[in-house]
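To keep things clear, I will list the structure first and then write my remarks on it.
The values are calculated or read from the model by the stated rules, or taken from the named source; none is laboratory data. Remember, predicted model here, so these are calculated numbers, not experimental data. Cβ sites come from the backbone with ideal geometry, for glycine too, and all protein chains shown count toward neighbours.
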(Lines give C-alpha, C1' and ligand atoms only; values in the text may rest on other atoms or scores of the structure.)
Protein backbone atom coordinates (compact mmCIF):
# COMPACT_ATOMS: atom_id res chain seq x y z
CA UNK A 1 0.00 0.00 0.00
CA UNK A 2 1.65 3.20 -1.21
CA UNK A 3 0.52 6.41 0.51
CA UNK A 4 3.61 8.51 -0.18
CA UNK A 5 1.70 10.76 -2.58
CA UNK A 6 -1.38 11.08 -0.41
CA UNK A 7 -2.09 14.40 1.29
CA UNK A 8 -2.36 14.16 5.07
CA UNK A 9 -5.07 15.83 7.13
CA UNK A 10 -4.34 16.42 10.82
CA UNK A 11 -7.67 16.75 12.66
CA UNK A 12 -7.20 18.91 15.76
CA UNK A 13 -4.35 21.39 16.16
CA UNK A 14 -3.66 21.40 19.89
CA UNK A 15 -0.63 20.19 21.83
CA UNK A 16 -0.60 16.91 19.90
CA UNK A 17 -1.80 17.79 16.42
CA UNK A 18 0.22 20.92 15.73
CA UNK A 19 3.73 19.47 16.25
CA UNK A 20 2.68 16.52 14.09
CA UNK A 21 1.38 18.77 11.33
CA UNK A 22 4.58 20.82 11.40
CA UNK A 23 6.90 17.83 11.11
CA UNK A 24 4.94 16.25 8.26
CA UNK A 25 4.55 19.68 6.65
CA UNK A 26 8.30 19.93 6.25
CA UNK A 27 8.38 16.99 3.83
CA UNK A 28 4.92 16.52 2.26
CA UNK A 29 1.54 18.24 1.70
CA UNK A 30 -0.45 18.56 4.92
CA UNK A 31 -3.78 20.12 5.81
CA UNK A 32 -3.95 21.23 9.43
CA UNK A 33 -7.66 21.19 10.25
CA UNK A 34 -9.39 22.63 13.30
CA UNK A 35 -12.97 23.80 13.89
CA UNK A 36 -11.69 26.76 15.94
CA UNK A 37 -11.42 29.67 13.50
CA UNK A 38 -9.44 31.74 16.01
CA UNK A 39 -6.88 28.95 16.29
CA UNK A 40 -6.54 28.77 12.51
CA UNK A 41 -6.06 32.54 12.28
CA UNK A 42 -3.45 32.44 15.04
CA UNK A 43 -1.44 29.71 13.34
CA UNK A 44 -1.63 31.40 9.96
CA UNK A 45 -0.08 34.48 11.58
CA UNK A 46 2.85 32.38 12.80
CA UNK A 47 1.84 32.22 16.47
CA UNK A 48 1.14 29.22 18.70
CA UNK A 49 -0.46 29.98 22.07
CA UNK A 50 0.43 26.50 23.37
CA UNK A 51 4.13 27.39 22.93
CA UNK A 52 4.84 23.94 21.55
CA UNK A 53 5.97 25.27 18.16
CA UNK A 54 7.96 28.40 17.36
CA UNK A 55 7.26 30.82 14.53
CA UNK A 56 10.43 29.61 12.81
CA UNK A 57 9.20 26.02 12.93
CA UNK A 58 5.82 27.02 11.55
CA UNK A 59 7.40 28.83 8.62
CA UNK A 60 9.76 25.89 8.01
CA UNK A 61 6.75 23.66 7.34
CA UNK A 62 6.43 24.93 3.79
CA UNK A 63 3.87 22.32 2.69
CA UNK A 64 1.53 22.86 5.63
CA UNK A 65 -1.72 24.80 5.22
CA UNK A 66 -4.27 25.54 7.92
CA UNK A 67 -8.03 25.55 7.43
CA UNK A 68 -11.42 25.11 9.11
CA UNK A 69 -13.07 24.43 5.73
CA UNK A 70 -14.59 20.95 5.73
CA UNK A 71 -14.51 20.74 1.93
CA UNK A 72 -10.71 20.81 1.89
CA UNK A 73 -10.63 17.49 3.74
CA UNK A 74 -11.84 15.75 0.61
CA UNK A 75 -8.41 16.42 -0.96
CA UNK A 76 -6.77 14.11 1.58
CA UNK A 77 -6.13 10.37 1.59
CA UNK A 78 -4.66 9.99 5.08
CA UNK A 79 -6.41 11.37 8.17
CA UNK A 80 -4.74 11.59 11.59
CA UNK A 81 -7.15 12.33 14.44
CA UNK A 82 -5.59 14.12 17.43
CA UNK A 83 -8.62 15.49 19.27
CA UNK A 84 -8.81 15.45 23.09
CA UNK A 85 -10.47 12.58 24.97
CA UNK A 86 -11.52 13.98 28.35
CA UNK A 87 -13.66 12.59 31.14
CA UNK A 88 -17.01 13.90 32.37
CA UNK A 89 -17.95 15.01 35.89
CA UNK A 90 -18.54 11.37 36.87
CA UNK A 91 -15.05 10.37 35.65
CA UNK A 92 -16.46 8.51 32.65
CA UNK A 93 -14.85 8.74 29.19
CA UNK A 94 -16.27 11.62 27.16
CA UNK A 95 -15.88 10.52 23.54
CA UNK A 96 -17.80 13.47 22.08
CA UNK A 97 -14.76 15.09 20.37
CA UNK A 98 -13.65 11.69 19.01
CA UNK A 99 -17.12 10.88 17.71
CA UNK A 100 -17.52 14.26 16.01
CA UNK A 101 -14.06 14.01 14.46
CA UNK A 102 -14.90 10.53 13.13
CA UNK A 103 -18.13 11.87 11.63
CA UNK A 104 -16.20 14.68 9.95
CA UNK A 105 -13.60 12.30 8.52
CA UNK A 106 -16.23 9.78 7.43
CA UNK A 107 -18.04 12.42 5.38
CA UNK A 108 -14.82 13.53 3.68
CA UNK A 109 -12.85 10.35 2.99
CA UNK A 110 -12.74 8.54 -0.32
CA UNK A 111 -12.11 4.93 -1.29
CA UNK A 112 -8.74 3.67 -0.01
CA UNK A 113 -8.43 6.21 2.82
CA UNK A 114 -6.42 5.47 5.95
CA UNK A 115 -7.63 6.93 9.26
CA UNK A 116 -5.08 6.95 12.07
CA UNK A 117 -6.11 7.77 15.63
CA UNK A 118 -3.69 9.27 18.14
CA UNK A 119 -6.23 10.25 20.81
CA UNK A 120 -5.96 8.26 24.04
CA UNK A 121 -8.78 5.70 24.31
CA UNK A 122 -9.56 2.39 25.99
CA UNK A 123 -8.59 -0.88 24.28
CA UNK A 124 -11.05 -1.62 21.48
CA UNK A 125 -12.41 1.91 21.10
CA UNK A 126 -11.16 2.45 17.54
CA UNK A 127 -12.88 -0.65 16.20
CA UNK A 128 -15.96 -0.54 18.46
CA UNK A 129 -16.76 3.19 18.34
CA UNK A 130 -14.89 4.93 15.53
CA UNK A 131 -15.05 2.35 12.73
CA UNK A 132 -18.88 2.06 12.70
CA UNK A 133 -19.13 5.85 12.46
CA UNK A 134 -16.65 5.94 9.57
CA UNK A 135 -18.60 3.19 7.79
CA UNK A 136 -21.93 4.95 8.31
CA UNK A 137 -20.78 8.37 7.17
CA UNK A 138 -18.68 7.20 4.20
CA UNK A 139 -20.71 4.26 2.92
CA UNK A 140 -17.44 2.33 2.72
CA UNK A 141 -16.63 -0.99 4.37
CA UNK A 142 -13.83 -1.33 6.91
CA UNK A 143 -10.67 -3.01 5.58
CA UNK A 144 -12.07 -2.93 2.06
CA UNK A 145 -12.96 0.67 1.26
CA UNK A 146 -10.97 2.25 4.08
CA UNK A 147 -8.44 1.23 6.74
CA UNK A 148 -7.42 2.30 10.23
CA UNK A 149 -4.28 2.72 12.27
CA UNK A 150 -3.62 3.64 15.87
CA UNK A 151 -0.45 5.43 16.96
CA UNK A 152 -0.81 6.89 20.45
CA UNK A 153 0.49 10.36 21.12
CA UNK A 154 3.37 10.75 23.57
CA UNK A 155 3.58 14.54 23.68
CA UNK A 156 4.85 16.00 26.96
CA UNK A 157 3.63 19.64 27.00
CA UNK A 158 6.36 22.16 27.73
CA UNK A 159 9.18 19.62 27.32
CA UNK A 160 11.78 20.96 24.89
CA UNK A 161 14.06 17.93 25.20
CA UNK A 162 11.70 14.97 24.76
CA UNK A 163 9.85 16.20 21.70
CA UNK A 164 7.76 14.49 19.02
CA UNK A 165 10.67 13.35 16.86
CA UNK A 166 12.86 12.15 19.75
CA UNK A 167 10.28 9.85 21.37
CA UNK A 168 9.81 6.34 20.00
CA UNK A 169 6.38 5.98 18.36
CA UNK A 170 4.06 3.00 18.69
CA UNK A 171 2.35 2.14 15.39
CA UNK A 172 -0.35 -0.31 14.37
CA UNK A 173 -2.73 -1.00 11.51
CA UNK A 174 -5.91 -2.89 10.72
CA UNK A 175 -4.22 -5.10 8.06
CA UNK A 176 -0.61 -6.20 7.53
CA UNK A 177 -0.32 -3.83 4.56
CA UNK A 178 -1.63 -0.93 6.63
CA UNK A 179 0.81 -1.77 9.43
CA UNK A 180 3.65 -1.31 6.93
CA UNK A 181 2.20 1.91 5.52
CA UNK A 182 1.53 3.51 8.91
CA UNK A 183 4.93 2.51 10.24
CA UNK A 184 6.72 3.89 7.18
CA UNK A 185 4.71 7.11 7.46
CA UNK A 186 5.84 7.80 11.01
CA UNK A 187 9.39 6.64 10.37
CA UNK A 188 9.69 9.51 7.91
CA UNK A 189 9.59 12.03 10.80
CA UNK A 190 10.38 10.13 14.02
CA UNK A 191 14.14 10.07 14.57
CA UNK A 192 13.84 7.78 17.60
CA UNK A 193 12.21 5.06 15.52
CA UNK A 194 8.97 3.13 15.91
CA UNK A 195 7.56 0.11 17.73
CA UNK A 196 5.07 -1.98 15.81
CA UNK A 197 2.21 -3.27 17.95
CA UNK A 198 0.51 -6.49 16.86
CA UNK A 199 -2.97 -4.93 16.77
CA UNK A 200 -4.91 -1.72 17.26
CA UNK A 201 -6.04 -2.96 20.69
CA UNK A 202 -2.50 -3.63 21.85
CA UNK A 203 -1.43 -0.13 20.82
CA UNK A 204 -4.46 1.38 22.57
CA UNK A 205 -3.76 -0.61 25.73
CA UNK A 206 -0.06 0.30 25.73
CA UNK A 207 -0.89 3.98 25.71
CA UNK A 208 -3.45 3.86 28.48
CA UNK A 209 -1.20 1.89 30.86
CA UNK A 210 1.78 4.23 30.38
CA UNK A 211 0.04 6.98 32.33
CA UNK A 212 -1.83 4.60 34.64
CA UNK A 213 1.52 3.26 35.82
CA UNK A 214 2.81 6.77 36.49
CA UNK A 215 -0.42 7.67 38.27
CA UNK A 216 -0.05 4.73 40.64
CA UNK A 217 3.58 5.53 41.41
CA UNK A 218 2.65 9.10 42.30
CA UNK A 219 -0.30 7.86 44.38
CA UNK A 220 2.12 5.71 46.38
CA UNK A 221 4.38 8.64 47.29
CA UNK A 222 1.34 10.83 47.93
CA UNK A 223 0.11 8.31 50.48
CA UNK A 224 3.58 8.19 51.98
CA UNK A 225 3.54 11.98 52.34
CA UNK A 226 0.27 11.82 54.29
CA UNK A 227 1.73 9.17 56.60
CA UNK A 228 5.05 10.95 57.09
CA UNK A 229 3.31 14.24 57.85
CA UNK A 230 1.54 12.55 60.75
CA UNK A 231 4.85 11.10 61.90
CA UNK A 232 6.53 14.50 61.77
CA UNK A 233 8.96 13.40 59.03
CA UNK A 234 9.77 15.44 55.91
CA UNK A 235 8.77 13.39 52.87
CA UNK A 236 11.39 14.85 50.55
CA UNK A 237 14.17 14.01 52.98
CA UNK A 238 12.91 10.41 53.14
CA UNK A 239 12.69 10.11 49.35
CA UNK A 240 16.16 11.56 48.89
CA UNK A 241 17.58 9.11 51.41
CA UNK A 242 15.81 6.16 49.78
CA UNK A 243 16.95 7.43 46.38
CA UNK A 244 20.54 6.64 47.31
CA UNK A 245 19.73 3.06 46.30
CA UNK A 246 20.36 2.49 42.59
CA UNK A 247 16.94 1.04 41.74
CA UNK A 248 14.67 3.32 43.79
CA UNK A 249 12.21 5.13 41.52
CA UNK A 250 12.47 8.93 41.92
CA UNK A 251 8.77 9.84 42.02
CA UNK A 252 7.63 12.89 43.97
CA UNK A 253 4.29 13.65 45.63
CA UNK A 254 1.97 16.24 44.13
CA UNK A 255 -1.38 17.10 42.62
CA UNK A 256 -1.97 15.04 39.48
CA UNK A 257 -3.72 17.01 36.76
CA UNK A 258 -3.29 17.52 33.05
CA UNK A 259 -4.67 15.83 29.98
CA UNK A 260 -3.10 12.40 30.54
CA UNK A 261 -2.11 11.08 33.96
CA UNK A 262 -5.24 12.24 35.77
CA UNK A 263 -7.54 11.10 32.95
CA UNK A 264 -6.21 8.01 31.18
CA UNK A 265 -6.67 5.55 34.09
CA UNK A 266 -10.42 6.18 33.98
CA UNK A 267 -10.51 5.02 30.34
CA UNK A 268 -8.92 1.73 31.36
CA UNK A 269 -11.16 1.23 34.40
CA UNK A 270 -14.24 2.05 32.30
CA UNK A 271 -13.42 -0.75 29.89
CA UNK A 272 -12.50 -3.14 32.69
CA UNK A 273 -15.88 -2.63 34.34
CA UNK A 274 -17.58 -3.05 30.98
CA UNK A 275 -16.15 -6.56 30.75
CA UNK A 276 -17.08 -7.42 34.32
CA UNK A 277 -13.95 -6.62 36.33
CA UNK A 278 -13.89 -3.95 39.03
CA UNK A 279 -10.34 -2.55 39.24
CA UNK A 280 -9.06 -2.01 42.76
CA UNK A 281 -5.46 -0.84 42.63
CA UNK A 282 -5.98 1.64 39.78
CA UNK A 283 -9.06 3.25 41.33
CA UNK A 284 -7.41 3.38 44.76
CA UNK A 285 -4.57 5.35 43.22
CA UNK A 286 -7.02 7.68 41.54
CA UNK A 287 -8.85 8.34 44.82
CA UNK A 288 -5.60 9.24 46.56
CA UNK A 289 -4.43 11.57 43.80
CA UNK A 290 -7.80 13.23 43.31
CA UNK A 291 -7.89 14.06 47.02
CA UNK A 292 -4.48 15.77 47.23
CA UNK A 293 -5.74 19.27 46.36
CA UNK A 294 -8.26 19.13 49.20
CA UNK A 295 -5.61 17.66 51.50
CA UNK A 296 -3.24 20.56 50.75
CA UNK A 297 -5.93 23.21 51.22
CA UNK A 298 -7.07 21.77 54.54
CA UNK A 299 -3.53 21.68 55.86
CA UNK A 300 -3.12 25.34 54.94
CA UNK A 301 -6.35 26.15 56.78
CA UNK A 302 -5.30 24.06 59.81
CA UNK A 303 -1.96 25.82 60.11
CA UNK A 304 -3.49 29.26 59.59
CA UNK A 305 -5.94 28.61 62.42
CA UNK A 306 -3.12 27.35 64.63
CA UNK A 307 -1.23 30.58 63.92
CA UNK A 308 -4.22 32.69 64.96
CA UNK A 309 -5.20 33.83 61.47
CA UNK A 310 -8.91 34.51 60.98
CA UNK A 311 -9.47 32.36 57.90
CA UNK A 312 -12.88 33.83 57.04
CA UNK A 313 -11.32 37.30 56.80
CA UNK A 314 -8.05 36.21 55.24
CA UNK A 315 -6.56 36.34 51.77
CA UNK A 316 -4.56 33.40 50.47
CA UNK A 317 -2.26 33.85 47.50
CA UNK A 318 -1.97 30.91 45.12
CA UNK A 319 1.01 31.02 42.78
CA UNK A 320 0.37 28.91 39.68
CA UNK A 321 -2.73 27.46 37.99
CA UNK A 322 -1.29 25.47 35.06
CA UNK A 323 -1.10 21.71 35.54
CA UNK A 324 2.71 21.70 35.25
CA UNK A 325 5.66 24.06 35.29
CA UNK A 326 6.78 26.33 32.45
CA UNK A 327 3.77 25.46 30.32
CA UNK A 328 0.49 27.32 29.60
CA UNK A 329 -1.63 24.15 29.70
CA UNK A 330 -4.44 24.45 32.27
CA UNK A 331 -6.37 21.30 31.35
CA UNK A 332 -7.64 19.36 34.38
CA UNK A 333 -5.66 21.57 36.74
CA UNK A 334 -6.07 20.36 40.30
CA UNK A 335 -5.09 23.78 41.59
CA UNK A 336 -8.61 24.88 40.71
CA UNK A 337 -9.86 22.27 43.22
CA UNK A 338 -7.47 23.68 45.82
CA UNK A 339 -8.85 27.19 45.23
CA UNK A 340 -12.42 25.92 45.60
CA UNK A 341 -11.59 24.21 48.89
CA UNK A 342 -9.91 27.33 50.31
CA UNK A 343 -12.88 29.45 49.30
CA UNK A 344 -15.27 26.99 50.97
CA UNK A 345 -13.65 27.98 54.29
CA UNK A 346 -14.39 31.64 53.62
CA UNK A 347 -10.94 32.71 52.51
CA UNK A 348 -10.46 35.12 49.64
CA UNK A 349 -8.08 33.61 47.10
CA UNK A 350 -5.85 35.52 44.70
CA UNK A 351 -4.35 33.42 41.90
CA UNK A 352 -1.41 34.45 39.75
CA UNK A 353 0.35 32.67 36.92
CA UNK A 354 2.77 34.21 34.39
CA UNK A 355 2.26 31.33 31.95
CA UNK A 356 -1.51 30.92 31.88
CA UNK A 357 -3.99 32.75 29.67
CA UNK A 358 -6.29 34.86 31.86
CA UNK A 359 -9.16 34.39 29.40
CA UNK A 360 -8.77 30.60 29.36
CA UNK A 361 -8.60 30.40 33.16
CA UNK A 362 -11.70 32.56 33.49
CA UNK A 363 -13.58 30.50 30.91
CA UNK A 364 -12.53 27.10 32.23
CA UNK A 365 -12.61 27.65 35.99
CA UNK A 366 -14.30 31.00 36.60
CA UNK A 367 -11.11 32.26 38.26
CA UNK A 368 -9.89 35.79 37.57
CA UNK A 369 -6.11 35.88 37.54
CA UNK A 370 -4.48 38.63 39.59
CA UNK A 371 -1.07 39.64 40.89
CA UNK A 372 0.81 38.79 44.05
CA UNK A 373 3.65 41.10 45.05
CA UNK A 374 4.78 43.29 47.95
CA UNK A 375 1.70 45.48 47.58
CA UNK A 376 -0.68 42.50 47.74
CA UNK A 377 -0.12 41.60 51.39
CA UNK A 378 -1.77 38.22 51.59
CA UNK A 379 -2.13 36.25 54.82
CA UNK A 380 -0.60 33.03 53.50
CA UNK A 381 0.87 31.63 50.30
CA UNK A 382 0.49 28.45 48.29
CA UNK A 383 3.23 27.99 45.70
CA UNK A 384 1.49 25.37 43.61
CA UNK A 385 3.49 25.18 40.36
CA UNK A 386 7.24 25.03 39.83
CA UNK A 387 7.52 27.78 37.20
CA UNK A 388 11.04 29.14 36.79
CA UNK A 389 9.77 32.56 37.87
CA UNK A 390 8.75 31.10 41.24
CA UNK A 391 11.86 28.96 41.64
CA UNK A 392 13.98 32.10 41.28
CA UNK A 393 12.34 33.68 44.34
CA UNK A 394 13.78 33.31 47.82
CA UNK A 395 11.71 32.75 50.97
CA UNK A 396 12.64 36.23 52.19
CA UNK A 397 11.10 37.70 49.05
CA UNK A 398 7.95 35.61 49.44
CA UNK A 399 7.64 36.78 53.06
CA UNK A 400 7.35 40.38 51.81
CA UNK A 401 4.15 39.40 50.02
CA UNK A 402 2.54 38.59 53.39
CA UNK A 403 1.04 40.96 55.97
CA UNK A 404 0.81 38.58 58.93
CA UNK A 405 3.59 37.78 61.35
CA UNK A 406 3.09 34.02 61.04
CA UNK A 407 1.99 33.28 57.49
CA UNK A 408 1.71 29.76 56.16
CA UNK A 409 3.77 28.77 53.12
CA UNK A 410 2.46 25.71 51.32
CA UNK A 411 5.42 24.77 49.17
CA UNK A 412 3.56 22.14 47.16
CA UNK A 413 6.41 21.40 44.75
CA UNK A 414 9.17 21.60 47.38
CA UNK A 415 10.89 24.47 45.57
CA UNK A 416 12.50 26.05 48.63
CA UNK A 417 14.71 25.05 51.50
CA UNK A 418 12.20 24.47 54.29
CA UNK A 419 14.64 25.69 56.96
CA UNK A 420 15.27 28.96 55.10
CA UNK A 421 11.53 29.39 54.74
CA UNK A 422 11.04 28.82 58.46
CA UNK A 423 13.80 31.31 59.26
CA UNK A 424 12.03 33.85 57.02
CA UNK A 425 9.00 33.58 59.31
CA UNK A 426 6.84 31.00 57.54
CA UNK A 427 5.06 28.01 58.95
CA UNK A 428 5.89 25.55 56.19
CA UNK A 429 3.74 22.79 54.74
CA UNK A 430 4.70 20.61 51.81
CA UNK A 431 3.81 17.17 50.56
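Out of all the residues in the range 340-352, which are within 13 Å of residue 380 (Cα to Cα) and in a helix (DSSP H, G or I)?
Correct list: 342 only.
Looking at residue 154 and the list (1) at pLDDT 95 or above; (2) buried (at least 16 other Cβ atoms within 10 Å of the Cβ); (3) assigned to a loop (DSSP other than H, G, I, E, B), which single condition is not satisfied?
Only one criterion is unmet by residue 154, namely (1).
Can you confirm whether the range 259-273 contains a residue that is within 19 Å of residue 293 (Cβ to Cβ), out of contact with any helix residue (DSSP H, G or I) (no Cβ under 9 Å at 6 or more places or on another chain) and either not assigned by TED's automatic domain parsing to the domain that holds residue 337 or not in a helix (DSSP H, G or I) (or both)?
Yes, some residue in the range 259-273 is within 19 Å of residue 293 (Cβ to Cβ), out of contact with any helix residue (DSSP H, G or I) (no Cβ under 9 Å at 6 or more places or on another chain) and either not assigned by TED's automatic domain parsing to the domain that holds residue 337 or not in a helix (DSSP H, G or I) (or both).
So for the range 38-57 (the condition being in contact (Cβ under 8 Å) with a residue 40 or more places away in the chain, more than 27 Å from residue 258 (Cβ to Cβ) and either touching a helix residue (DSSP H, G or I) at 6+ places or on another chain (Cβ under 7 Å) or not assigned by TED's automatic domain parsing to the domain that holds residue 159 (or both)), does at least one residue qualify?
No, that holds for no residue.
Can you pull out every residue in the range 307-335 that is part of a helix (DSSP H, G or I) and either at pLDDT below 95 or within 17 Å of residue 378 (Cα to Cα) (or both)?
Result: 311, 312, 313.
With 329, 290, 353 as the choices, which residue is under 20 Å from the mean Cα position of the chain (by Cα), free of Cβ contacts under 8 Å to residues at least 60 places away in the same chain and surrounded by fewer than 24 Cβ atoms within 10 Å (Cβ to Cβ)?
Exactly one of 329, 290, 353 is under 20 Å from the mean Cα position of the chain (by Cα), free of Cβ contacts under 8 Å to residues at least 60 places away in the same chain and surrounded by fewer than 24 Cβ atoms within 10 Å (Cβ to Cβ), namely 290.
Looking only at the range 360-411, count how many residues are in a helix (DSSP H, G or I) and either surrounded by fewer than 12 Cβ atoms within 10 Å (Cβ to Cβ) or at positive phi (or both).
Of the residues in the range 360-411, 2 are in a helix (DSSP H, G or I) and either surrounded by fewer than 12 Cβ atoms within 10 Å (Cβ to Cβ) or at positive phi (or both).
Hey, any hits in the range 209-217 for a residue that's outside any helix (DSSP H, G or I) and either touching a strand residue (DSSP E or B) at 6+ places or on another chain (Cβ under 9 Å) or surrounded by fewer than 16 Cβ atoms within 10 Å (Cβ to Cβ) (or both)?
No, the conditions are met nowhere in the range 209-217.
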